[in-house]
Structures are given as C-alpha cells and as structure tokens.
Amino acid sequence: MDLVSSIISGLRWKLFSKFVTAITGGILTIILARVLDPNGYGLLFFAFSVISMLSFVSNLGFGRSASRYISEFKVSNPGQVRHVIRFGTLFILISTVVSVIILGLFHAEIAELVNNPDVAPLLLLGSIFLAFSTLYSYLDHLLQGFEEMKIISIANIVNSVGTLLAAGALVIFGFGAFGGMLGYTIGYALSFLTAFFLLFVFVYPNYDPDEEPEPGLPRRIFEYNIPIIATKSGSLLSKTVDTLLVGFFLGPVAVGFYTLGEKIVKMVETPVSALGYTLAPAFGSAKADENIEKISRIFEQSVLYTLALYLPAAAGIALLAEPMIEYIFGSDYLGAVLVIQLFSIYLVLNSIMKYTSAGLDFLGRARERAIINTTTSVANVGLNLLLIPTIGVEGAVLATLITYGAYTLLNLYIMNKELEIKFNRISTQLTYVLGITVVMSIIVILVRGQIQGIVSLFSVVMLGMVIVGVLSYLTGLFDRKLIERFIRNDGG
C-alpha cells in the first residue's frame, strides 16, 4: 500500500470513529448541560481540569516517545519493537501509580487549594478515572505508532459510546456531577480493556523480538520523553490552567460557560482530528524513506482543505452562537455566547495544529516544539492571571488566542524548514476559501432572523453547509479524484 493509500485507509477509519465520538459527545454534552445546572456542569469539568494537572505526572511523554520508536523500528528493525513496548510500559506504570496515589490521598487538600471544597468527592473518584484514562492514552499512542487506525477507531468508539450510556444514564437518574464522573470512568475502563486485548492479540504477536534490546534503548526512550514532557507541560498550561484559573477566580458557573465553548470546538474539529492523527506517523515514515517531496505536497493540501472546512465553520459558529445556545443548551447558558464566538477563532488555529504539532514530533523536532510551547504557555498563564480577574471568562479565551496564535505561526515556520512547503501553490485556492466564507456569512446573516427553534436553526446550518459545498466544488477547491478515491474505498 503506497503512502497516500495508507493515509486514506487510516483516515477513513479515524473519520468514522471521530464521527461517532462527535455524535455521542454532542449528545452527552446536551444531556449534561440540560440535566445539570451551570453550577453542576461547571463543577464536573472543574474536577476534570484538576485531574488533568495530575495527568501530567501520570502520562508524561512515555506514550509518544514509545510510539515514535515503534514507528521507526517497525520499518528499520522490527526485532526491537517488543523491547520498546516493554520499557515504555514499565515507565508508564510507575508514573501512573505515583499520580493515582497523590490524588487519592490528598483529594481534600487539593480541593481546598483550588478554592472549591465541593470538588473533593469528584477528585477521589477521579483517581480511578486518572488510572484508566492514562493507560488507555498510552495504548492509543502505541497503536498510532503501528498505524493501526482500525483498532484505534474501535477502542475510541467503545470509549465514546460507553461514556455516553454510563454517564448519561447516571446523570439522568439523579446522581449529579458524581454520576457524570463515574460514567466517564466506566467509559475509559471499557476502552482500555478493548485496546489492550486488540493490541496484544492482533498486533504484538507479529513482531518477534531480538534476544537483547539495542544498547541504550531505555535511555533513548526516556530521553526523547524529556522534550515531549516539556511540550506537554506547555499544553497543560495553555489548555488546562486556564480552566483551573477560571474556576479559582470566578467559580463553577464560569467554568461551565468556558467548558461549553471548548466542547463545541471539539465537536466541530472532528474531521481534522482524524486527519492529524493519521498523518502524524506518516511524517516519520516518509522521512525514514526519504520521501519528503510527497509528504510536503500532502501537507500543503492538508492546510488548504483544513482552511476550506474551518474558516466557514468558524464564521458560522460565531454568527449562530446565540440561537445555538438558546435552543440546544438552554437559556441558562446564554452567558457563554461571547465565549463561543471567541473560541471560533481558536478553532481555525487548532485545526491546523492538529497535524502540524504531532507531525513535528514524528519528524524528530520535538525539542524545538517543546521550547516554543513552553514559552507561549507560560505567557498564556501570565495573560490569564491578568485578564480573568479584569475581563472575566472571556479574558481566558483572549489569552489563549494571543499565545496560541504565536505558537501556530512558529510551528509552521519549523515545519516549513523540515519539509519543502511551497505555500504559493495554494495561494489562489486560499483566495477562493475566503470568498466562499464571505458569501456564506452574508447569506447566514440575512436568514438568521428567521430562526425560531431547533428545526429552523438546523435548516440555516444546512443551508450554510450546502453553500460552502457547492461553491467549493464549482471552484475546483478540492481534488475531485482524491475525493472519489476516498469514497470508492481505494485506500484499502
């Protein structure tokens, strides 16, 4: 299977799982928002933000480090693959046990420290959630290194469907935020067991081990983990500390508004998440095969297609934020309208970074990315401390936009040095994208006054999608042959 066919095949599976995840995640978000009031909804996700801080200790960078060496050795030295898994698993088990003990023993003290004692019971249960989510994330990274997108997709579907059924049922039956936490824990436990079974039954036996690991292999896995730790610490500061600070300064209701904006972005970014996850290991494989020209062209088209999807999507979210909140999540959440409109800008930046950042790791540029990420993330914390108390929850989003925008530009600069990117090739198409976005926005503005409920809201959304789709096709924005190949299942 050639490089393009491999990417298409993996993308198809990942898109399917991401589609299921988006649907189930959207339904669960609506259930949680509707059944829990903004305070309960915010309390649940405030607990998750605290747990995410501890997940830095549990995850570190061992999953990505092991995945990187699996991606390399499965081509160049298959006999070392099992040794990579063995050392990576040892490291992740140690870090997981340490983090779970810390959260389990000191949950009450941590709750006092973050200025919200009511979150303590959720943190105690969260220690179990932390264990399963960490181990599942680790297996997910290993499978990504093997480019086993089918298995990853199956495990992801088990996770999303299991979480919806468990958390949705427990919340509906009156168990509140605690029921929501328990439901998420059940979902991750099921997905961990699924990934573990499929990895060690269908993938692991295919690689016969050498008698001895390469000299210094554990050290190399650990050392490559260090810049990834720095990158993850930056991501933690930019994506988790803001929620923590919103909760600390403004309380759970503001966390609920902020989280709702994040959830909507995650639902919309489904296609590019699948693309990024599928492309990332292909960067490493292409570099090993000295196939830089082809992966450079694929990256250029990925940037074009990403902007073609997400510039109109961001405009649509910004224009329809108020009726969307009112008719889908309830009038109690109208305070989140401006937050969601600001997050629509972040959607565009994050869509590009979904495959750029992970691709740099597989290209061996984790150190440079770590430096940039840490620097911009520290700046993000400083801006959050300045803007949240003065502006409110919107200040957290503004801080993210400023620092993440700088992070995106610098990562693209490094990617341009690593690959042979020629942005002038897609400049004309980018002009078409901007034109299509403007046309769609004008039409949406003209008709949004007619929105009176869910049905009319959905109709306006579909109208915008049709406009973008038709104009994109007529202008030749998308590679019709590649789309036809994807639909015909030529990827394998």
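The values are calculated or read from the model by the stated rules, or taken from the named source; none is laboratory data. No experiment lies behind these values; they were computed from the predicted model shown. Note: ideal-geometry Cβ built from the backbone for every residue, glycine included; neighbour counts use all protein chains shown. Protein only, heavy atoms only, side chains kept; ligands, DNA and RNA dropped before computing areas. Shrake-Rupley method; radii C 1.70, N 1.55, O 1.52, S 1.80 Å.
Tabulated data
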| quantity | calculated |
| --- | --- |
| Label point distance in nm, GLN452-ALA120, each placed 7 Å from Cα along Cα→Cβ | 5.2 |
| Tensor-based shape of region 379-435 (alpha-carbon gyration tensor, a/c under 1.5 rounded, otherwise prolate or oblate) | oblate |
| Accessible area of PHE19 in the full protein assembly, 1.4 Å probe (Å², nearest 10) | 120 |
| Karplus-derived HN-Hα couplings along region 432-447 (A = 6.51, B = -1.76, C = 1.60, θ = phi - 60°), whole Hz, x at Gly and Pro | 4, 4, 4, x, 4, 4, 5, 4, 4, 5, 4, 5, 5, 4, 5, 9 |
| Shape of region 77-132, Cα gyration tensor, a/c cut at 1.5 | prolate |
| Reference-scaled alpha-carbon Rg (2.2 N^0.38 Å with N residues) for the chain | 0.96 |
| Across LYS74/LYS263; LYS18/LYS239; LYS294/LYS354; LYS263/LYS422; LYS74/LYS239; LYS263/LYS417, pairs whose alpha-carbon gap is larger than 31 Å | LYS74/LYS263; LYS263/LYS422; LYS74/LYS239; LYS263/LYS417 |
| List MET267, MET324, MET415, MET465, ordered by accessible area with a 1.4 Å probe, largest first | MET465, MET267, MET324, MET415 |
| Inter-label distance for ASP210 and PHE173, nm, one decimal - labels placed 7 Å from Cα along Cα-to-Cβ | 5.3 |
| Computed over the chain: relative contact order in percent, which uses C-alpha pairs under 8 Å that are six or more apart | 21 |
| Expected-Rg normalisation [2.2 N^0.38 Å, Cα atoms] applied to region 65-221 | 1.22 |
| Estimated translational D of region 154-206 in µm²/s (Stokes, Kirkwood radius over Cα pairs; 10 °C; 1.306 mPa s) | 138 |
| Peptides ranked, highest mean first, by Cβ atoms within 10 Å: ranges 312-320, 390-398 | 312-320, 390-398 |
| HN-Hα J in Hz across region 405-413 - Karplus 6.51, -1.76, 1.60, θ = phi - 60°, x for Gly and Pro | x, 5, 4, 5, 4, 5, 5, 5, 4 |
| Region 317-464: C-alpha gyration tensor shape, a/c 1.5 cut-off, then a/b vs b/c | oblate |
| Calculated [θ] (222 nm, deg cm²/dmol) that DSSP helices of n ≥ 4 give over the chain, each run adding -39,500 (n - 2.57) | -28500 deg cm²/dmol |
